[in-house]
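In what follows, a single structure is set out as structure tokens and then discussed.
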Amino acid sequence: MQTIELEVKDEIFYNVGLQSIKERLQKELEYLYFEFLALNIQKKINESDINNDFELEKAREINWLKIKNEFINVQ
């Protein structure tokens, strides 16, 4: 973990408060991290040569058959 030192205007610091500033920055950093992860995952998916539409449709059909057999064909 790294420590970041920032300059904050006194007006902001005294009106908003240290804890609020820390929480806001922590949430922003977490968002940036998850955005970075999502972009990397999307990049890997695009590079994979897997036809995602085909795979999704195949999974949908398999699950529909399971549901149909379990709930519709039971008498």
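Restricted to helices (runs of 4 or more DSSP H) entirely inside the chain, no element has at least 1 residues that are in contact with an Asp or Glu (Cβ under 7 Å, 6 or more places away or on another chain).
Among the residues that make up the stretch 21-36, is at least one of them hydroxyl-bearing (Ser, Thr, Tyr) and at pLDDT 95 or above? Working first, answer last.
So in the stretch 21-36, the residues hydroxyl-bearing (Ser, Thr, Tyr) come out as 31, 33.
Cutting the leftovers down to at pLDDT 95 or above gives us 31, 33.
Looking through the stretch 21-36, at least one residue is hydroxyl-bearing (Ser, Thr, Tyr) and at pLDDT 95 or above.
Can you say whether ILE4 is modelled with pLDDT under 90 and within 16 Å of the chain's Cα centre (by Cα), as far as the supplied structure shows? For ILE4, the condition - modelled with pLDDT under 90 and within 16 Å of the chain's Cα centre (by Cα) - is not met.
The values are calculated or read from the model by the stated rules, or taken from the named source; none is laboratory data. Model, not experiment: these values are computed from the prediction. Cβ sites come from the backbone with ideal geometry, for glycine too, and all protein chains shown count toward neighbours.
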